1. Quickly estimate the mean residue ellipticity at 222 nm for the chain, helices only: each DSSP H run with n ≥ 4 gives -39500 (n - 2.57), and the total goes over all residues, rounded to 500.
2. In debye, nearest 20, what is the charge dipole magnitude of the chain about its Cα centre with +1 on Lys and Arg Cβ and -1 on Asp and Glu Cβ, if you could check?
3. Aspartates and glutamates within cross-link reach of residue 492: Cα-Cα under 17 Å, excluding same-chain residues under 8 positions apart?
4. By per-residue mean of other Cβ atoms within 10 Å, what is the highest-first order of 59-65, 418-424?
5. By how many degrees, between 0 and 90 and to the nearest 10, does the Cα long axis of helix 86-104 differ from the longest principal axis of the chain?
6. Cα-based Rg (one decimal) and Dmax (whole number) for the stretch 105-175, in Å?
7. At q = 0.15, 0.20 Å⁻¹, what base-10 log of I(q)/I(0) does the Debye formula yield for the stretch 353-436 when every alpha carbon is treated as an equal point scatterer in vacuo?
8. Could you tell me how many degrees, from 0 to 90 and to the nearest 10, lie between the Cα long axis of helix 171-186 and the main elongation axis, the longest principal axis, of the Cα atoms of the chain?
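No value in this document is a laboratory result; all are computed from the given coordinates. In this text the structure is predicted, and so the values were computed from the model without any measurement. Virtual Cβ from ideal backbone geometry, glycine too; neighbours counted across all protein chains shown.
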Amino acid sequence: MDIKNNEMEKLYAETFRSIEEGAILPGKIVAIKPDGVIVDIGYKSEGFIRIDEFREDELRALKPGDRIEVYVENIRDAEGVVRLSKERASKIKVWDVLEKAAQDGSVVEGTIIEKTKGGLTVDINGVNAFLPGSQIDIRITRDLDSLIGQKMAFRVLKINNKRSNVIISRRVILEEEHLRQKEEIKGKIREGALLDGTVKNITDYGVFVHLGGIDGLLHISDISWGRINHPSEFFAIGDRIEVVVLKYDETNERITLGYKQKHPDPWANVNEKYPVGQKIKGKVVSITDYGAFIELEEGLEGLVHISEIDWASRLKHPSKYLSIGETVEAVVLKVDKDERKLSLSIRQTKPSPWEVISQTYSVGQRISGRVKSLTDFGAFIGLPEGVDGLIHISDLSWTKHIKHPAEILKKGQKIDAMILSIDAEHEKMALGLKQLEQDPWIEAIPLKFKLGADVSGTVLKLTDFGIFVELEGGVEGLIYSSEIVHPSEQEKIKEGDTVLARIIKIDLDERKIGLSMKNIPGEEG
């Protein structure tokens, strides 16, 4: 037994003599045990890796025959087992890669795992590296949380001798890429060149487009041939767009871009394409207080002024007639190529109601309508054809002195009236209410009221120049101020009182009856 044991000891000694602690060796998995993994490292004795060095997902994928690199921790422990480490082998190799990268500037990959004071922590194959905030990006990054979990490329800036601290940079790589793209794009930039870019920023005056290493400005005036209120109507940040180079200042690296210039100017042949009088169809793209803009084609809009939307005499807001996106028919009224203005009319696609009125109605005809509005000078009557006629305050009554039309008419009231005149050219119609009856001043009043006759009347109104009274039949007369008999202070004349008077004047031409209270039986002279 002693001889055999001595031989075994010699055999182990020869086996382990070529294995050095701290060496990294290739191995092959032999078996997976509950407490560890058995690895064949090419020697007569197999090695052992503790099970806790493997993640659960690694264990699930692990199987006998798989190749693995290991670090020799202990050649032979108390139990005579070669102790191996997968983690230490991995870390040593990663550190070797990091040191090489620090020397030659090669790129390493890692995953951002958490925020830390002053920057981020990056996992590079099991080694934690520090990414300072200033080295994250070319621009200041405010939302660091959004980067956690992302895998990126880095450059090693510094590594200490004890392999305990690594400082990396992503910014260096981005700056190098920026310079490379910049040189590449410079070779393509020339006036008239078409370039692809990404919308980087949007302002009130235009859009900044990133062309790869260099930015260009697309001014709001160069976005569309048509009307534009804000660049955000056309673009959003991140959009990929094609632009044309309008101007390049190589010294200051300023690029002026165009978007509308990719297409012909629709205003170039507007006179030939849309002559005055032509009927067109277009889409309502904007509504304002003064009218609506109609898009005839991309970049070409015409204005329908509010007065050209409808034939109605009292127009409402344009939004009451039109809506955004609606397709309408219109007539070209005016084209100004130099001012880039196009005037349109919707109402002229339909017959003018005044043409209908002039053909349908005649002076002296009796018509019906509703009171639309009342003014100090008369009442507007709406007719079924959509036009208004005016009854002047003087044409409301033959006999009454009317101060305001509201005394006898109400808004919305349906009435009959007589047509006094029609002026289709100036869109005017005069109506009369009193003309529906015979003028009482021609026959009735001369027969009923005689000069010198005594009459009774109701006081309507007291003025500085006299008292208006209503006589029989609704006829008004005026008691001149010089012909008033003033009663006692307690019996002052007031509206609604009944008074006696004598007719001292009848003027049929002026339609006036003058009265006097003097020399009336029962009254003081």
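1. Value at 222 nm, helices only, nearest 500: -4000 deg cm²/dmol.
2. Working: 74 positive and 87 negative charges, 187 e Å.
Dipole about the Cα centre, nearest 20: 900 debye.
3. Counting by Cα, and skipping residues close in sequence, residue 492 has these aspartates and glutamates nearby: 464, 483, 523, 524.
4. 418-424, 59-65
5. 70 degrees
6. Considering the stretch 105-175 through its Cα atoms, Rg and Dmax are 11.1, 33 Å.
7. Computed log10 I(q)/I(0) values: -0.47, -0.84.
8. Tilt of helix 171-186: around 60 degrees.
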